[in-house]
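Contents: one structure, followed by commentary.
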Amino acid sequence: LSDPQERVQSIYAHIGKLPRANYDLLERLVFHLARVAQQESANRMTANSLAIVFAPCILRTDKVMQMQDKLSDIGKQTVERMAQIKDTLADIDILDTACHTASSRLSSLRLSK
């Protein structure tokens, strides 16, 4: 597909057809890789670098493409998605903090009885 928007929609359509276990695994892997990319200053693994390493294994296709075309396409898609993933990770961190705070308060209340 030449249109980037169509390409992204096609990927989402295929991901949506995955069995639940495969979908859950892919989701966890993507969030893990996003967290690795957030630590770029420490590990020197940018989102683009991670895409170059992992995408050929994850996003295999039957179509024959030149390797350079594959890598540049993966890099473009990665940059577009990283912002959205960072927002989701921030939301997860907020929820984790809220959960921990609620658990701590609940424990304190139980101990005070």
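Throughout, read-outs are computed from the coordinates displayed, never taken from laboratory work. Bear in mind the structure is a predicted one, so any value in this text is a computation, not a measurement. All Cβ positions, glycine included, derive from the backbone under ideal geometry; neighbour counts span all protein chains shown.
Between His32 and Ile15, the distance separating the two model label sites (each 7 Å from Cα on the Cα→Cβ line) works out to 1.7 nm. Shown in residue order for segment 13-25 are the 3J(HN,Hα) couplings computed by the Karplus curve 6.51 cos²θ - 1.76 cosθ + 1.60 at θ = phi - 60°: 4, 5, 5, x, 8, 5, x, 3, 4, 5, 4, 4, 5 Hz (x for Gly and Pro). The label point for Asp24 and the one for Val53, both projected 7 Å from the Cα toward the Cβ, are 2.6 nm apart. Within segment 11-43, the trypsin sites (Lys or Arg not before Pro) that combine a DSSP coil assignment with at most 16 other C-beta atoms in a 10 angstrom radius are Lys17.
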